[in-house]
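Colleague: Below is one structure. I have some questions about it.
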Amino acid sequence: MDLGAAKTAAGTTVSVCLPARDEAATIGPIVREVRDALLRPGFVDEIVVVDDASHDDTAAVARAAGATVVAEASVLADAGPGAGKGNVLWKSLHACRGDIVCWLDADLRNFDHSYVTRLVAPLLTDPGVVLVKGAYERSFEGAPTGGGRVTELVARPVLALLFPKLADIVQPLAGEYAGRRSALEALPFVQGWGVEIGLLIDVFERYGREAIAQADLGTREHRNRPLDELSPQAKEVLAVALQRAGLLEIEPPYDELVRERPPIVTMAAYRESRR
């Protein structure tokens, strides 16, 4: 199917968004690839980088490559302070205009524009799909597989135990995914590392397993973190899964692990911007 024709026929707009902090080394080539292959031909309507207080030249590099750059602190400032990747993703719904939002991590080293078309395709061709997760193998220290340690040791096992219908999701924590604004704006966003598993479970609970698709993205290469940096991430992912299953009380000290932004459609400033 001609995806461009499907997009035009549906009158659908597509935003590509990269949440970023200190990713000056990799963000430029990603933005340029999307700009040249998808923005100029008209398949993508905008490229937005939400810069989360970078200390390097992330914002300048992204802007020079062709992205619209928005500072996280400038978006919905009246909502009060927040922190974490999920907070940036939540704010990106306000910063972007598209009916479909396709998120990409900004540290990808082998990015290809087909990531975007593969993620968006099910949303253009199947009205019942509301979320598309990237599926891929992750390289580790030169080996073709072995990355995704939090995914394989925490996220997938806990989903298999508590939400078995999601056990086939290859990369539940993938930073490359796309969704319909109409669904995303009605869901809460966990502020920290648990945002991806929280959205996955929430979409499943509200719309059913058939509303979630996967797109094969091949092999993903990015910066691998040491174990001591993965432990806090694993703890937050596990806490969100347990909380969504009704097995974790939202009270100190666990409330910090699952802190959320409310559905963005509840924000008056957001609703006004969508008129």
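The values are calculated or read from the model by the stated rules, or taken from the named source; none is laboratory data. Not measured: the values here are computed from a predicted model. With ideal geometry, Cβ positions are generated from the backbone for all residues, glycine too; neighbour counts draw on all protein chains shown.
Colleague: Restricting to region 13-48, give me the number of residues that are hydroxyl-bearing (Ser, Thr, Tyr) and in contact with a Gly (Cβ under 6 Å, 6 or more places away or on another chain). Write out each step before concluding.
Modeller: Taking region 13-48 and keeping what is hydroxyl-bearing (Ser, Thr, Tyr), we get 13, 15, 26.
Imposing the further condition that a residue be in contact with a Gly (Cβ under 6 Å, 6 or more places away or on another chain) reduces the set to 13, 15.
Residues that pass the stated criteria total 2.
Colleague: Starting from region 33-62, keep only residues that are on the phi > 0 side of the Ramachandran plot, then list their pairs with residues that are assigned to a helix (DSSP H, G or I) and modelled with pLDDT under 95 whose Cβ atoms are within a distance under 8 Å, requiring at least 6 positions of separation or different chains.
Modeller: Close Cβ pairs (under 8 Å, with a partner that is assigned to a helix (DSSP H, G or I) and modelled with pLDDT under 95) amount to Gly42/Gly4.
Colleague: In this structure, is Val158 more than 25 Å from Leu18 (Cα to Cα), at pLDDT 95 or above and touching a helix residue (DSSP H, G or I) at 6+ places or on another chain (Cβ under 7 Å)? Don't jump to the end; show me each part of the working.
Modeller: On the way: more than 25 Å from Leu18 (Cα to Cα): yes; at pLDDT 95 or above: yes; touching a helix residue (DSSP H, G or I) at 6+ places or on another chain (Cβ under 7 Å): yes.
When the stated conditions are applied, Val158 passes them.
Colleague: Might you let me know whether region 253-274 holds any residue that is closer than 17 Å to Ala160 by Cα, outside any strand (DSSP E or B) and out of contact with any helix residue (DSSP H, G or I) (no Cβ under 6 Å at 6 or more places or on another chain)?
Modeller: Going through region 253-274, the residues closer than 17 Å to Ala160 by Cα turn out to be none.
No.
Colleague: Let me ask another. Between a first residue in region 149-167 that is over 18 Å from Pro232 (Cα atoms) and a second residue that is in a helix (DSSP H, G or I) and among the β-branched types (Val, Ile, Thr), which pairs have beta carbons less than 7 Å apart while being 6 or more apart in sequence or on different chains?
Modeller: Here the result reads Phe163/Ile201, each pair linking region 149-167 to a residue that is in a helix (DSSP H, G or I) and among the β-branched types (Val, Ile, Thr).
Colleague: Could you check, for region 191-206, whether at least one of its residues is surrounded by fewer than 20 Cβ atoms within 10 Å (Cβ to Cβ), of a type in the set (Gly, Ala, Ser) and assigned to a helix (DSSP H, G or I)?
Modeller: No; the residues of region 191-206 include none that is surrounded by fewer than 20 Cβ atoms within 10 Å (Cβ to Cβ), of a type in the set (Gly, Ala, Ser) and assigned to a helix (DSSP H, G or I).
Here is a yes/no grid of residues against (1) among the small types (Gly, Ala, Ser); (2) out of contact with any helix residue (DSSP H, G or I) (no Cβ under 6 Å at 6 or more places or on another chain); (3) under 17 Å from Val101 (Cβ atoms); (4) at pLDDT 95 or above:
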site	(1), (2), (3), (4)
Val129	no, no, yes, yes
Pro144	no, yes, no, no
Val150	no, no, no, no
Val170	no, yes, no, yes
Gly179	yes, yes, yes, yes
Glu196	no, yes, yes, yes
Glu221	no, yes, no, no
Leu230	no, no, no, no
Leu238	no, no, no, yes
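Colleague: Kindly establish whether Asp202 is touching a strand residue (DSSP E or B) at 6+ places or on another chain (Cβ under 7 Å), of a type outside the set (Lys, Arg) and in contact (Cβ under 8 Å) with a residue 24 or more places away in the chain. Step through it out loud before you land on a result.
Modeller: On the way: touching a strand residue (DSSP E or B) at 6+ places or on another chain (Cβ under 7 Å): no; of a type outside the set (Lys, Arg): yes; in contact (Cβ under 8 Å) with a residue 24 or more places away in the chain: yes.
Taking the combined requirement at face value, the residue does not satisfy it.
Colleague: Specify which of the listed residues (Val70, Val75, Val48, Val61) is in contact with a Cys (Cβ under 6 Å, 6 or more places away or on another chain) and of a type in the set (Val, Ile, Thr). First the steps, then the outcome.
Modeller: Numbers: Val70 fails: in contact with a Cys (Cβ under 6 Å, 6 or more places away or on another chain); Val75 fails: in contact with a Cys (Cβ under 6 Å, 6 or more places away or on another chain); Val61 fails: in contact with a Cys (Cβ under 6 Å, 6 or more places away or on another chain).
Result: Val48 is the single residue among Val70, Val75, Val48, Val61 that is in contact with a Cys (Cβ under 6 Å, 6 or more places away or on another chain) and of a type in the set (Val, Ile, Thr).
Colleague: Give me a count of the residues in region 255-269 that are over 19 Å from the mean Cα position of the chain (by Cα) and either modelled with pLDDT of 95 or more or loosely packed, with under 14 Cβ neighbours inside 10 Å (or both). Walk me through it before giving the result.
Modeller: From region 255-269, those over 19 Å from the mean Cα position of the chain (by Cα) are 255-256, 266-269; that's our starting set.
Narrowing the set further to residues that are either modelled with pLDDT of 95 or more or loosely packed, with under 14 Cβ neighbours inside 10 Å (or both) leaves 256, 266-269.
Looking only at that region, the number is 5.
Colleague: Next question, about the same structure. Suppose the filter is touching an Asp or Glu at 6+ places or on another chain (Cβ under 9 Å), surrounded by 20 or more Cβ atoms within 10 Å (Cβ to Cβ), not aromatic (Phe, Trp, Tyr) and not in a helix (DSSP H, G or I); does Val129 pass it?
Modeller: Working: touching an Asp or Glu at 6+ places or on another chain (Cβ under 9 Å): yes; surrounded by 20 or more Cβ atoms within 10 Å (Cβ to Cβ): yes; not aromatic (Phe, Trp, Tyr): yes; not in a helix (DSSP H, G or I): yes.
Considered against the rule, which asks whether it is touching an Asp or Glu at 6+ places or on another chain (Cβ under 9 Å), surrounded by 20 or more Cβ atoms within 10 Å (Cβ to Cβ), not aromatic (Phe, Trp, Tyr) and not in a helix (DSSP H, G or I), Val129 comes out as yes.
Colleague: I've got another one for you. Which one of these is within 18 Å of the chain's Cα centre (by Cα) and either free of Cβ contacts under 8 Å to residues at least 12 places away in the same chain or over 22 Å from Cys96 (Cα atoms) (or both): Gln214, Gln191? If you could, list the steps in order and put the result at the bottom.
Modeller: Details: Gln191 fails: either free of Cβ contacts under 8 Å to residues at least 12 places away in the same chain or over 22 Å from Cys96 (Cα atoms) (or both).
Sole residue among the options that is within 18 Å of the chain's Cα centre (by Cα) and either free of Cβ contacts under 8 Å to residues at least 12 places away in the same chain or over 22 Å from Cys96 (Cα atoms) (or both): Gln214.
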